[in-house]
Number of protein chains: 2
Amino acid sequence: MTTKPPKHFTSDEFREMGHSTIDWIADYLEHLEERPVTPDVKPGDVRASLPERAPEAPEPFTDLLDDVNSLIAPAITHWQHPGFFGYFSCNSSAPAILGELLSAGFGINGMLWSTSPAATELETHMLDWLLDLCGLPDCFRSDGKGGGVIQDSASSASLCAILAARDRSGGASELPKLVAYTSTQAHSSIEKDVKIAGFSPDQLRKVEVDENFAMDPEELQRLINEDKENGLIPCFITATIGTTSSGAVDPITSIAEIANKEGAWLHVDAAWAGSAAVCPEHRSLLEGIEKADSYAFNPHKWLLTNFDCTAFYVADSKPLVDSLSIVPEYLRNPASEAGEVIDYRDWQVPLGRRFRSLKLWFVLRSYGAEGLRSHIRHHVEAAESFAERVEGHPKLALAAPVSLSLVCFSHVDGDDATKALQEALNSTGEVLLTHTVLDDKHVLRLSVGGTWTTSTHVERVSELIDEILG
Amino acid sequence: MTTKPPKHFTSDEFREMGHSTIDWIADYLEHLEERPVTPDVKPGDVRASLPERAPEAPEPFTDLLDDVNSLIAPAITHWQHPGFFGYFSCNSSAPAILGELLSAGFGINGMLWSTSPAATELETHMLDWLLDLCGLPDCFRSDGKGGGVIQDSASSASLCAILAARDRSGGASELPKLVAYTSTQAHSSIEKDVKIAGFSPDQLRKVEVDENFAMDPEELQRLINEDKENGLIPCFITATIGTTSSGAVDPITSIAEIANKEGAWLHVDAAWAGSAAVCPEHRSLLEGIEKADSYAFNPHKWLLTNFDCTAFYVADSKPLVDSLSIVPEYLRNPASEAGEVIDYRDWQVPLGRRFRSLKLWFVLRSYGAEGLRSHIRHHVEAAESFAERVEGHPKLALAAPVSLSLVCFSHVDGDDATKALQEALNSTGEVLLTHTVLDDKHVLRLSVGGTWTTSTHVERVSELIDEILG
């Protein structure tokens with residue numbers, strides 16, 4: 001041997017650098033409110049601050065942390081800032097961060113049960129815990145035909161549902177005749193996923209919504225009838241609980257009846273709103289869910305777990321695994337062959353898998369069911385208070401019914417005034433609100449859900465609005 | 001407000017628990033060699049050790065770490081064990097772990113440039129750094145039509161390539177006529193990806209390989225001619241640099257000529273072997289790569305970066321973005337509309353994105369180019385020594401040419417003897433070797449690549465073999 005291995009950190013160096021990194025994060029989070037939510041950078045600024053090439057020789061770790069501090073932290077949008085009300089939040093929490101850290105420390109690939117039994121079994125178990133916490137129906141529990149799996153995102157979960165549906169309906173040979181349905185308000189990922197699965201744009205029907213932006217089931221049935229008359233096959237329906245634009249809730253029970261009758265796969269996307277089901281008072285949102293074929297929600301949005309953590313459930317795993325399983329010789333092993341175990345690689349698109357259940361386990365135990373419920377309730381109450389102030393404000397109006405912790409509102413003077421308000425709010429650096437369009441109107445979304453966001457921060461938005469509108 | 005927010009860790013608690021977690025990982029890695037590589041667990045063992053339901057009240061963090069110690073660590077396959085020679089390794093390293101930790105601490109979603117400029121720009125920059133480190137061609141550099149992006153896995157990278165190719169060739173309306181090509185030795189993910197994209201199994205040709213398990217370009221051309229005569233359209237070719245079974249290298253130059261001439265997209269999958277290109281002496285592997293449309297390799301396999309980190313390059317990003325971009329109102333923003341920035345959500349399947357470039361940045365700077373080269377060279381030399389011992393051993397024979405640090409070998413007495421040797425080796429707990437099938441023969445793979453694996457550990461495999469075979 002002529003070449004020595006590279007110099008790794010010693011155990012003591014790792015401890016020291018690890019402690020520094022933990023302390024850096026603690027400082028960052030502790031003082032986050034002092035930073036503007038969005039950075040003041042122009043395209044190219046960050047790259048211009050970086051050397052053109054990787055270094056030839058190792059650099060000390062302290063330089064890295066210094067650069068994180070001076071180059072990176074000032075140039076990110078601070079999703080963990082308590083004044084972040086944009087999009088839907090990406091939750092985080094101390095136990096989730098440390099669960100993610102441990103996952104990195106283990107450095108395993110849980111593609112098969114046999115390549116890390118605890119990773120697979122903890123994941124199955126956590127999805128069952130979540131099912132009980134949210135009052136989800138038994139059809140999604142792992143002890144029957146169905147079960148749950150962690151995906152990286154709701155987009156990937158709905159893609160898996162579409163693939164299972166497509167292949168259950170005949171797969172590639174029937175593909176030109178298959179039709180998918182969702183509402184005009186569904187998330188754009190549905191359109192993307194359907195396209196990925198090989199459908200053409202005209203094989204996706206966007207069903208009209210009612211005055212509350214929820215799918216109109218009669219219109220769904222009408223489109224299905226029309227398609228069937230034209231020799232097409234209704235294959236896949238996505239309903240949404242809590243749309244991205246306004247938090248609208250599609251009528252799952254009616255849609256499920258249609259799906260079941262027509263033999264179409266029903267996927268229910270509750271990416272954001274699903275976390276609210278930890279509170280019994282919000283479970284009516286899920287009415288009819290026991291008739292769905294699959295269901296997904298994101299603990300990484302509103303359940304204190306770091307991105308990525310989408311909980312994806314299927315009532316019957318067979319069509320999913322039939323669609324996604326390919327077993328080459330080099331992945332064969334006795335446990336899989338015996339059919340006694342779950343190999344989650346067959347429940348997702350990629351082969352490799354991180355140990356994501358650790359962070360979920362840490363969160364569920366660190367907060368307990370009561371902590372999770374408080375998180376949701378505090379935000380819902382804060383959003384309701386804000387909505388009341390909007391309703392009482394002479395220059396503002398709600399643009400949609402308040403949905404959990406999402407408040408859509410606009411200026412009564414029209415789009416220009418609403419845009420000016422958004423611009424003024426965001427330029428304070430204290431808050432970030434993003435927009436949508438509803439009924440052709442520019443609408444502001446106050447999405448309350450950040451880990452560190454409290455009613456005080458929501459009240460501050462009202463104060464800022466009063467200051468701006470005078 | 002009646003409901004208080006949940007009790008989060010205080011900053012001091014986070015520091016304390018964070019330091020404990022770092023110390024736990026340091027201890028784990030320091031003493032990893034004392035553990036058996038694979039755990040002694042039966043299906044269901046881990047779940048049986050867990051409570052049936054999530055707790056109602058918070059539990060102390062020390063209980064979590066205790067349970068990680070007693071329930072999880074003994075029940076995982078230790079991919080970071082220096083005696084792990086199975087599959088291909090999943091690299092890890094102190095700087096990568098801490099980069100992942102920081103990414104969790106920031107908790108951002110880098111779906112758009114505007115949702116975290118530094119996340120996008122650091123990623124673009126790191127992919128350019130890697131390009132220079134590996135001597136990749138300029139067509140993949142970000143300052144032209146092409147560029148790089150981090151994907152979660154090589155499977156996802158090849159899926160994106162297939163989607164771009166499919167849609168460049170006409171998309172859904174032409175789909176029934178499109179054909180994809182790869183070798184019989186390509187990774188199973190290609191078959192899975194092609195199926196996901198809506199191709200039927202008979203739209204994927206598996207080209208025969210030569211005696212070294214590399215794709216036969218004449219056979220590829222013959223199949224293409226046959227398909228064209230049948231009115232079909234050659235759409236997509238995947239060539240592999242370093243196949244999973246035996247590390248075979250397809251002749252990229254010849255395949256690229258065919259692909260370019262026929263108008264088919266050429267994707268080159270170098271998931272494992274690509275990292276070796278940090279050493280100039282291994283760059284001949286990449287010959288012809290400048291004629292490919294896309295290229296992927298996994299720093300998470302053999303370049304000291306934690307899973308997930310696949311570097312995916314395209315020579316022209318337009319077909320990729322055309323295939324994967326869908327822009328709803330709620331994601332519109334001035335920077336994207338101006339076309340001045342990259343929005344990486346359009347370069348991948350899911351919408352959301354973690355801040356994965358941080359760990360790559362940390363690794364490249366902490367090891368420097370010289371450290372990365374030592375890592376590869378040390379392993380390649382260790383594998384070569386092992387191969388020499390196999391060749392000199394009366395009961396063993398190489399089953400394929402040694403490829404970088406992958407040695408395929410078998411017992412001269414046939415499959416039963418090879419399987420018995422594998423079983424005996426793995427049951428020592430000191431090492432893990434997995435198998436493949438080559439020319440209908442059961443073959444052991446010694447895949448040298450673990451972060452902590454040195455020549456001493458490879459020599460130990462030889463010693464164990466000598467002890468077992470007597």
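Derived scalar couplings between HN and Hα for region A:148-161 equal x, 8, 8, 10, 6, 6, 5, 4, 5, 5, 5, 4, 4, 5 Hz in order, rounded to whole Hz, by the Karplus curve 6.51 cos²θ - 1.76 cosθ + 1.60 (θ = phi - 60°), x for Gly and Pro. Annotation for residue A:50 and residue A:322: the two label points, set 7 Å from Cα along the Cα-Cβ direction, are 4.6 nm apart.
Surface analysis of the protein assembly as shown yields an accessible area of 32 Å² per residue, using protein heavy atoms and a 1.4 Å probe. From helices alone, chain A scores -12500 deg cm²/dmol at 222 nm; the rule is -39500 (n - 2.57) for each run of n ≥ 4 DSSP H residues, then divide by the residue total.
Its alpha carbons considered, region A:112-165 gives a radius of gyration followed by a Dmax of 12.0, 32 Å.
For residue B:240, the residues 5 or more places off, or on other chains, whose built amide H falls under 5 Å of its own are B:250, B:269.
Counting only DSSP beta bridges whose two residues both lie in region A:100-244, roughly 10 percent are antiparallel. Annotation: the antiparallel percentage among DSSP beta bridges lying fully within the protein assembly as shown is about 60. For region B:349-470, the residue among B:411, B:454, B:433 whose Cα projects farthest onto the positive side of the dipole built from Cβ charges is B:454. A straight line joining the Cα centroids of region A:142-217 and region B:118-195 runs 24 Å. For the residues of B:369-381, the average number of beta carbons from a partner chain within 10 Å of their own beta carbon is 4. As a fraction of the 1.4 Å probe accessible area of region A:369-469, surface on carbon and sulfur atoms comes out at 45 percent. To put it simply, the accessible area of region B:11-76 at a 1.4 Å probe is 47 percent carbon and sulfur. Largest accessible area first, the listed residues A:122, A:71 line up as A:71, A:122 when surface is computed with a 1.4 Å probe on the assembled protein chains. Remark on residue A:205: its backbone amide H falls under 5 Å from those of A:180, A:181, A:182, a criterion applied only to residues 5 or more positions apart or on other chains, H modelled at 1.01 Å from N. Evaluated at q = 0.04, 0.06 Å⁻¹, a Debye calculation over the C-alpha positions of the protein assembly as shown (equal weights, vacuum) places log10 I(q)/I(0) at -0.17, -0.39.
Rg/Rh for region B:58-203 (Cα atoms only, Rh after Kirkwood) is 1.05.
Excluding residues fewer than 8 places away in the same chain, name every one of the lysines whose C-alpha is closer than 26 Å to that of residue B:395. Within reach: B:419, B:441. Using a 7 Å projection from Cα along Cα-to-Cβ, the label point at residue B:184 is separated from the same position in the remaining copies by 5.5 nm, smallest value first.
Given a 1.4 Å probe and the protein chains all in place, what does the accessible area of residue A:70 round to, in Å² to the nearest 10? Roughly 70 Å² of residue A:70 is accessible to a 1.4 Å probe.
Using only side-chain charges placed at the Cβ, +1 for Lys and Arg and -1 for Asp and Glu, the dipole size of chain B relative to its Cα centre rounds to 1000 debye.
For region A:327-344, what does the Karplus curve 6.51 cos²θ - 1.76 cosθ + 1.60, with θ = phi - 60°, yield as ³J(HN,Hα) per residue in whole Hz, taken in order and with x for Gly and Pro? 3J(HN,Hα) across region A:327-344, in whole Hz: 10, x, 4, 5, 10, 5, 7, x, 4, 5, 4, 6, x, 8, 10, 8, 10, 5.
Do you know which residues of region A:161-200 lose at least 50 square angstrom of accessible area in the protein assembly compared with their chain on its own, with a 1.4 angstrom probe? Residues of region A:161-200 that lose at least 50 Å² of accessible area once the other chains are added: A:172, A:188, A:192, A:195, A:196. Modelled spin-label separation between residue B:34 and residue A:226, with each label point placed 7 Å from Cα along the Cα-to-Cβ direction: 7.1 nm.
Rounded, prolate or oblate: which fits region A:100-362, taking a ≥ b ≥ c as square roots of the Cα gyration tensor eigenvalues, rounded meaning a/c under 1.5, else prolate when a/b beats b/c? It is oblate, given that a/c is not under 1.5 and a/b is not larger than b/c.
Summed over both chains, the contact between A and B buries some 14000 Å² of accessible surface at a probe radius of 1.4 Å. Using alpha-carbon positions, what is the distance between the centroids of region A:260-302 and region B:364-389, in Å? For region A:260-302 versus region B:364-389, the Cα centre distance is 50 Å. Computed from backbone phi, the HN-Hα couplings of region B:265-273 come to 6, 9, 9, 10, 9, 10, 2, 8, 5 Hz, rounded to whole numbers (Karplus: 6.51 cos²θ - 1.76 cosθ + 1.60, θ = phi - 60°; Gly and Pro given as x). Of all beta bridges that DSSP places with both ends in chain A, some 60 percent have antiparallel geometry. Here region B:11-76 is treated as a sphere whose radius is the Kirkwood value from Cα pairs; by Stokes-Einstein at 37 °C and 0.692 mPa s it diffuses with a coefficient of 238 µm²/s.
When the alpha carbon gyration tensor of chain A is reduced to an equivalent ellipsoid, its three semi-axes come out at 36, 34, 21 angstrom, largest first.
The values are calculated or read from the model by the stated rules, or taken from the named source; none is laboratory data. Here the structure is a predicted model, which means the values were calculated and not measured. Every residue, glycine as well, gets a Cβ built from its backbone with ideal geometry; the counts of neighbours run over all protein chains shown. Accessible surface is based on the protein model in full, side chains and every heavy atom, while ligands, DNA and RNA are left aside. Shrake-Rupley method; radii C 1.70, N 1.55, O 1.52, S 1.80 Å.
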